[in-house]
Structures are given as structure tokens and as C-alpha cells.
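The values are calculated or read from the model by the stated rules, or taken from the named source; none is laboratory data. All figures in this text were calculated on a predicted structure; none of them were measured in a lab. Reconstructed Cβ throughout: ideal geometry from the backbone, glycine too, with neighbour counts over all protein chains shown.
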Amino acid sequence: MQMVCLDLEGVLIPEIWIAFAKKTGIEALQRTTRDEPDYGKLMRYRLDILDQAELKLNQVHDVIDSLDPLPGACEFLDWLKARGRVVILSDTFEEFAGPLMAKLGHPTLFCHNLVVEADGSIADYQLRLDNHKQKAVEAFRDLNFHVVAVGDSYNDLTMIRAAHQGILFKAPNNVISENPDLPTASTYEVLKAKIEKVGEQ
């Protein structure tokens with residue numbers, strides 16, 4: 001049976017940090033895993049900015065509540081769920097994801113957690129597991145699933161390469177040019193066709 005593992009931001013929903021950067025006017029928060037391969041370095045950078053600007057979790061929530069899934073994302077997920085198993089593997093946080101998961105129909109999500117102070121300040125983050133995307137894909141393979149992994153950023157590359165078939169979806173040019181061997185898709189229709197082709201093999 002096929003298991004499709006999807007990244008979340010940039011694949012099904014808008015980039016939360018970019019939306020928050022636009023809302024606050026803090027351009028530095030537009031930096032994402034599309035730009036920075038080192039996730040730990042990126043998160044420390046983000047948390048330092050939030051601390052300096054005295055921004056709290058509720059202010060991030062206000063932005064998240066205003067976001068909707070990418071056009072066509074809900075229909076694409078419904079199509080996938082009708083075909084087999086789907087899991088979202090994301091480097092976002094439980095404290096961010098709730099409202100958007102509801103809008104996506106509550107798909108299965110594996111992600112991380114934030115450490116939040118009593119006043120709402122985001123003090124730190126806790127990884128579910130180092131390199132959890134790759135390890136989840138490897139575990140699904142060990143369970144005899146035929147795994148397809150889809151992502152758009154540097155932090156998706158290990159899971160994409162651990163899968164039986166990996167696909168870059170709406171990835172930026174820098175990620176595509178550095179990984180010329182990986183198949184790419186820029187629309188859900190093209191992505192569906194590539195997933196269907198894998199299922200026929």
C-alpha cells in the first residue's frame with residue numbers, strides 16, 4: 001500500500017513565518033527553510049527576533065487564524081485520502097497548527113512543540129525527534145509501505161531521498177537547481193499525475 005508523506009507549509013498552506021513577517025513589518029522573519037538549510041540556526045534566529053520585538057504567541061495566532069489553505073489543497077488532500085494513507089510531516093509546531101489543520105479536515109500531522117511562558121512569550125522549541133521527517137519515512141518503509149514524499153524546502157530533502165519516490169513541489173529555484181535529479185511539480189494536477197504514476201509501478 002502507498003503512503004504519501006507531505007510537508008505542510010508551502011505545500012498545503014502558506015508559509016506562516018512569511019505571513020507573520022508581513023503582518024508585523026519585520027522583514028527578517030521572512031527567512032524560511034527555503035533559504036536556510038540549518039533548522040536549528042533558523043529557529044534560534046526567529047526566537048531571538050520575537051524576543052527583541054516582545055512578540056507573543058497570541059500575536060502569531062492572530063496571523064494564523066487569518067490564513068487559509070492554498071487554493072486546491074483541500075481537494076488534493078481529499079483525493080489522496082481516497083487513494084490510501086496520508087501523513088503530514090512538518091517542522092511547524094502543535095501550537096501553530098491547530099486552526100489550519102481544522103481547515104484541512106484534520107489530517108494526521110507529526111510536528112514539534114513550543115515552550116511557552118505564562119505570559120505567552122515563546123521561550124524555546126522542542127523537536128519531536130532530530131530529523132523526524134526522514135526517520136518517519138524510514139519507519140513507514142520498514143512497515144512495508146511504498147512511500148512517496150513531497151516537499152519544497154531544504155528540510156524536506158532527507159525525507160524525499162529516504163522515500164521510494166520523492167517529489168519537489170513548488171520548490172524555489174535554488175532547491176531545484178541544487179537537486180537536479182529530483183522530479184518536480186508546480187501544480188496539484190501535475191503532482192497527482194506523478195503520484196498516480198508511482199502507484200502504477
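Each row is one residue, and each column tells you yes or no for (1) surrounded by 18 or more Cβ atoms within 10 Å (Cβ to Cβ); (2) in contact with a Cys (Cβ under 7 Å, 6 or more places away or on another chain); (3) modelled with pLDDT under 95; (4) of a type in the set (A, V, I, L, M, F, W, C).
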| residue | (1), (2), (3), (4) |
| --- | --- |
| LEU77 | yes, no, no, yes |
| GLU95 | yes, no, yes, no |
| GLY98 | no, no, yes, no |
| MET101 | yes, no, yes, yes |
| GLY105 | no, yes, yes, no |
| LEU109 | yes, no, no, yes |
| ILE122 | yes, no, yes, yes |
| GLY151 | yes, no, no, no |
| message | Looking only at the stretch 1-25, filter to residues that are touching a Leu at 6+ places or on another chain (Cβ under 8 Å) and without any contact (Cβ under 8 Å) to a residue 40 or more places away in the chain; which one of those is nearest to ASP124 (Cα to Cα)? | response | TRP17
| query | Within the set of pairs 6+ apart or on separate chains, which have a first residue in the stretch 106-117 that is on the phi < 0 side of the Ramachandran plot, a second that is assigned to a loop (DSSP other than H, G, I, E, B), and C-beta atoms under 6 Å apart? | reply | HIS112/LEU127; HIS112/ARG128
| field | Considering residues of the stretch 4-47 that are part of a helix (DSSP H, G or I) and under 15 Å from the mean Cα position of the chain (by Cα) only, the residue nearest to MET159 (Cα to Cα) | value | TYR39
| Going through the stretch 151-201 one residue at a time, which ones are touching a Lys or Arg at 6+ places or on another chain (Cβ under 9 Å) and hydroxyl-bearing (Ser, Thr, Tyr)? | SER153, TYR154, THR158, THR184, SER186, THR187
